[in-house]
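Structure, as structure tokens:
The values are calculated or read from the model by the stated rules, or taken from the named source; none is laboratory data. It should be emphasised that the depicted structure is a prediction, and the values quoted were computed from it without experimental measurement. No Cβ is skipped: glycine too gets one built from the backbone with ideal geometry, and neighbour counts run over all protein chains shown. Remember, those area values only see protein heavy atoms, side chains included, never the ligands or the DNA or RNA. Shrake-Rupley method; radii C 1.70, N 1.55, O 1.52, S 1.80 Å.
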Amino acid sequence: GNSVTQMEGPVTLSEEAFLTINCTYTATGYPSLFWYVQYPGEGLQLLLKATKADDKGSNKGFEATYRKETTSFHLEKGSVQVSDSAVYFCALTFSGGYNKLIFGAGTRLAVHP
Amino acid sequence: DTAVSQTPKYLVTQMGNDKSIKCEQNLGHDTMYWYKQDSKKFLKIMFSYNNKELIINETVPNRFSPKSPDKAHLNLHINSLELGDSAVYFCASSQGTGGRSGTEAFFGQGTRLTVV
């Protein structure tokens with residue numbers, strides 16, 4: 001079946017540190033891949049996405065590259081800020097799935113000054 | 001202008017009661033969803049409607065019944081509430097249902113349901 005595995009959190013970093021959150025997936029066919037972010041007390045917002053192999057999604061300094069050979073979509077940011085503290089979800093949709101999102105378990109990021 | 005709005009934001013109720021959560025989107029999307037987020041933050045889809053037609057119905061107790069009066073609204077009614085129903089329920093919408101298109105889903109702020 002289709003599934004997403006994320007690294008467990010929480011991830012605790014100092015401001016301006018480098019961030020990597022690992023995400024791997026299992027899917028039939030060619031899924032679309034997403035990172036959503038949930039700030040405290042809010043709903044989910046799309047952070048970035050990639051729809052085919054070798055695509056790089058980027059937004060707000062975050063990047064992730066769709067790697068078909070390793071079935072991965074790791075999230076990176078070169079220099080995190082306190083305002084990046086949130087829960088990050090890796091997710092996929094797949095052809096024939098009516099656009100339903102399959103989510104990873106989420107990774108909580110805490111950035112300290 | 002809130003794109004996807006849910007009411008209420010918080011709902012505290014006793015076991016055995018019946019309650020409804022309402023959702024409205026003003027994005028002109030034709031597909032709406034209900035997701036459940038448990039206490040460990042895990043998110044799972046419950047239902048989806050496309051143009052008022054049910055297209056996704058995951059393994060959910062039949063105490064949960066979605067209703068879509070039009071494509072801008074998707075409500076969730078829950079009968080005979082149980083302690084295990086306590087969770088955050090998110091409504092979402094998107095345009096179309098193509099899985100390969102990478103269509104973004106827009107989420108509401110969530111309804112935190114607490115059953116006591």
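Would you be so kind as to identify which of B:ILE21, A:LEU48, A:THR93 lies farthest towards the positive end of the dipole of the protein assembly as shown, taking Lys and Arg as +1 and Asp and Glu as -1 on Cβ and the Cα centre as origin? Value: B:ILE21. Projecting label points 7 angstrom from Cα along Cα→Cβ for A:ARG108 and B:THR13 puts them 2.8 nm apart.
How many percent of the accessible area of chain A is carbon or sulfur, using a 1.4 Å probe?
The nonpolar share, carbon plus sulfur, comes to 48 percent.
Go through region A:31-73 and name the GluC sites (Glu not before Pro) that are in a DSSP coil and have 10 or fewer other Cβ atoms within 10 Å of their Cβ. Don't skip to the end; give the middle numbers.
Values: sites: A:GLU42, A:GLU63, A:GLU69; in loops: A:GLU42, A:GLU69.
Here the GluC sites (Glu not before Pro) that fit, given the DSSP loop and packing criteria, are A:GLU69.
Below 13 angstrom from the Cβ of B:LYS40, what's the summed charge of the other residues (Lys, Arg +1; Asp, Glu -1)? The partial results should precede the final answer.
Details: positive: A:ARG108, B:LYS36, B:LYS41, B:LYS44; negative: A:GLU8, B:ASP38.
Combined, the nearby Lys, Arg, Asp and Glu give +2.
Positive end of the dipole of the protein assembly as shown (Cβ unit charges, origin at the Cα centre): among B:HIS73, A:VAL4, B:SER39, the Cα lying farthest that way belongs to B:HIS73. Listed by chain and number, the aspartates and glutamates placed with their C-alpha closer than 16 angstrom to that of B:LYS52 are B:GLU24, B:ASP30, B:ASP70; residues fewer than eight positions away on the same chain are left out.
Couplings 3J(HN,Hα) of region A:65-73, computed from phi: 10, 6, 10, 6, 5, 10, 6, 10, 8 Hz, in residue order, whole Hz [Karplus 6.51 cos²θ - 1.76 cosθ + 1.60, θ = phi - 60°; x for Gly and Pro]. About its Cα centre, region B:18-82 has a charge dipole of approximately 200 debye under the convention of +1 per Lys or Arg Cβ and -1 per Asp or Glu Cβ, with nothing else charged.
Only the Cβ atoms of Lys and Arg (+1) and of Asp and Glu (-1) were treated as charged; on that basis the dipole of chain B about its Cα centre amounts to roughly 220 debye. With a cut-off of 14 Å between beta carbons, the residues surrounding A:ALA64 carry a summed charge of +3, where Lys and Arg count +1 and Asp and Glu -1. For region B:33-116, which trypsin sites (Lys or Arg not before Pro) are both in a DSSP coil and crowded by at most 13 other Cβ atoms within 10 Å? Listed in order of number, the matching sites are B:LYS40, B:ARG63.
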